[in-house]
Amino acid sequence: MNFLEHVAKARVLAPAGIPVPRAIHCVSAEDAAVAAAELGPCMVKAQVPTGKRGKAGGIRAARTPDEAREVAGAILGMVIDGHRVESVLLEERASIAREFYAAILTDPVSRTPLVLFSTEGGMDVEEVAATRPDALRRHRVDLDRGFDARAARALLDGLDLGPARERIEAILPALYRVGGSVDAELIEINPLALLEDGRVVALDCKLTLDDSAAFRNPDLAAEASPEPMTDLEREGAAQGLKFIQLDGNVGVLANGAGLTMTTMDVIGHCGGRPANFLEIGGEAYTKSEAALKLVLANPGVKSLVVNFCGAFARTDVMAEGVVTAWKRLDPDVPVFFSIHGTGEDEAVRLVREGLGVEPYDLMEDAVQAAVEAAR
Amino acid sequence: MTIYRQNARVLVQGLTGKQGSFWTEKMLGCGTQVVAGVNPKRAGEAHLGLPVYATAREAMVGTPFDWAVMFIPPAAAKAAAIDAIEAGTKTLVVLTEHIPMRDVLAIHHAARAHGTRIVGPNTAGVVTPGEGFVGIMPGHNPNIFQPGEIGVISRSGSLGTLVCLNLTRSGYGQSAFLGIGGDPMIGTTTRDALMVLDQDAHTRAVVLVGEIGGAMEEEAAEYAAGMSKPVVSFIAGRASPPGKTMGHAGAIVSGDRGSYAGKRAALEAAGIAVADTPNELPDLLHSALGQPAPRAAGLALHTGA
């Protein structure tokens, strides 16, 4: 789950002792004018979960409350990278001397936390890695040792940080600690700025929390940005089903992420277009009735492939759910089954006797038939 | 120890639960040498005829084991994994999905310190047809798994099952199925699994079943380029939209990273034939091995499970 800049700064960075500019979060142009009166000359920053705000005109300066009202009025309601701007953050205007980059993430190769620091702030870190590798430092954290001020000193050794060195040596361990305490997948300060007045502050912050750890941080998780979802996707999420709506016309109901993706791939291979991703593997395999309703509620669906290959998921349990739901919904959509694995004899019998439909032996044949029926 | 051998003794953590019991019976029925279970609340009892211990460490003293497999929910997974690792299990199969990332890091850290092989998290387990299986795979279904000489690696349990079914029908039995897991940070990577099968005397060729996201197939391709055993592959996710997590936490394309095209190109550059559909894999194997399948399929359909 992702967080807006103002939440990341106020709820995570500031409590960890990492300095942030004075700021006020505003949901209207009028609020912005009041905030600017308190802050003085300021920046008005669109609060959207994307890094493309600046280029899109979502970050602008305002000297007076009147200007702040006008600028905030222009930014609120903008659509940036598909996200509508619902609020702005007004921040005191900072005179920047230098910009740095700091981040904590997890490294899938070493399977350790990774601390990244670069003297090239404001730039995308991948670009720095490609063009200025000497400016980028990385440290794979040994969990027994953690990442303290000494480790930070070693990481920063030899870099030209000017008067910011001491502050940065304190900020990096604080960032590491707070990233761990909130189960951050990524916590990135870009830029981490040295100001003309000598302060070092986080001017922007990108925060992604581990969805699987939300239960450990319920208060913070409640402030996450809502995922952009269609109504059907939201309905699926509410039922604990991972449903992704696509623009094709062949509905997909399969178990397991890999098999579901593959079913979509074979639909494409046969010249069709999948209408959704929806997997009912893992613990969700008992939810096939709810899943079927979801797939059929998608207005684009002209035919349906049900592809089960049971390992953990029992195909008889899934098939029973589908057959029951099908009889109740009585949809006017042709359906094509392929069923193998755990419980297949019973599953095939249920489909044959319950729906009068003969499952295809090969998944490719079921998909081919569904693609043709959708034409 | 990544390929299960029948002389290896297996501990089931969470033995007495619904899934633990169901799958332990299947494992035992398939020949897997399950020797004991763990449930702190039922220590001292017997379940399915097996002794139950409070911890893996106690089990190791009373009933030594080589492998451990976890039927444990996400919030308790870290403690259970570290218990098994510290008990001295050689291999630990982590079936659990949605373990917090920070806990996964701690598990891998402990495993490194103790030299434990981790399979998973979020794996369906491993199958050695004719010897047994560890996990939640239909290893007991003869329509799907038959002893043979093809090693199969898969991030996905369901897709891996389909691929083994296709192989078995075409007359290709399997030397080992290695389910490595759908998480982004797994203990046995595609490359690790490929090295295991490369060194396995019973394996003549490898089917590598990958999916979009991460860079594991690319890393495996580097290794495969130097292998003498043939490798063929299928990568799931060609039709998946970028920027969305496709069920598995590891299956996401961000920017150019983890894309289908990138993986396919890396595998093909290493001389690996990539199938458009799983059904093409037996034909690709046939070409790679330069001879037809060792025996005709001739298996009755819908008779197993």
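Numbers at a glance
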| read-out | value |
| --- | --- |
| Additional length obtainable on full extension of the chain from A:ALA130 to A:ASP332, 0.36 nm per residue less Cα span | 67.3 nm |
| Inter-chain Cβ neighbour average for residues B:109-117, partner chain, 10 Å | 2 |
| Spatially proximal aspartates and glutamates relative to B:LYS26 (Cα-Cα < 16 Å; intrachain offsets below 8 disregarded) | A:GLU344, B:GLU131 |
| Rg/Rh ratio calculated on Cα atoms of the protein assembly as shown (Kirkwood radius) | 1.00 |
| When each of A:LYS206/B:LYS78; A:LYS9/A:LYS52; A:LYS9/A:LYS206; A:LYS55/A:LYS206; A:LYS9/A:LYS242 is checked by Cα-Cα distance, pairs over 20 Å | A:LYS206/B:LYS78; A:LYS9/A:LYS242 |
| For region A:197-305, size of Cβ-based charge dipole, Lys and Arg +1, Asp and Glu -1, in debye | 340 |
| Integer Hz, Karplus 6.51/-1.76/1.60 couplings in order for region A:16-25, x for Gly and Pro | 8, x, 8, x, 10, x, 4, 8, 9, 8 |
| Ascending count of other beta-carbon atoms within 10 Å, so fewest first, for A:GLU5, B:GLU217 | A:GLU5, B:GLU217 |
| Relative contact order (%) - criterion: Cα under 8 Å, at least six apart; region: region B:26-183 | 20 |
| Shape category assigned to region B:143-210 from the gyration tensor of Cα positions, a/c cut at 1.5 | oblate |
| Neighbour-count order for B:HIS202, A:HIS139, fewest beta carbons within 10 angstrom listed first | B:HIS202, A:HIS139 |
| For chain B: relative contact order, % (alpha-carbon pairs under 8 angstrom, 6 or more apart) | 14 |
| Dipole magnitude (debye, nearest 20) for the protein assembly as shown, charges at Cβ of Lys, Arg, Asp, Glu | 880 |
| Gaussian network model of chain B, Cα within-10 Å springs - most flexible of B:GLY132, B:GLY44, B:GLY258 | B:GLY44 |
| Lys, Arg +1 and Asp, Glu -1 on Cβ, resulting dipole of region A:1-51 about Cα centre, debye, nearest 20 | 220 |
| 10 Å Cβ neighbours from other chains, averaged over peptide A:203-215 | 3 |
| Mean shadow area of chain B, taken as a quarter of the surface of its Cα convex hull (nm²) | 15.0 |
| Region B:244-288 versus region B:26-78: alpha-carbon centroid distance in Å | 37 |
| GluC sites (Glu not before Pro) within region B:82-166, DSSP loop, no more than 15 other Cβ atoms inside 10 Å | none |
| Candidate lysines for bridging to B:LYS229, where Cα separation is under 23 Å - those fewer than 8 sequence places away on the same chain excluded | B:LYS263 |
| Extreme residue, positive dipole direction of region A:297-375, given options A:HIS340, A:CYS309, A:ALA297 (C-beta unit charges) | A:ALA297 |
| Partner chain coverage, peptide A:338-347 - average Cβ within 10 angstrom | 6 |
| Set of lysines with alpha-carbon distance to A:LYS327 below 21 Å, sequence-local pairs under 8 removed | A:LYS287, A:LYS293, A:LYS302 |
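All of the numbers you see were taken from the coordinates with simple rules; none came from a lab. Being a predicted model, the structure only gives us computed values, none of them experimental. Using ideal geometry, Cβ is built from the backbone for each residue, glycine included, and neighbour counts are taken over all protein chains shown.
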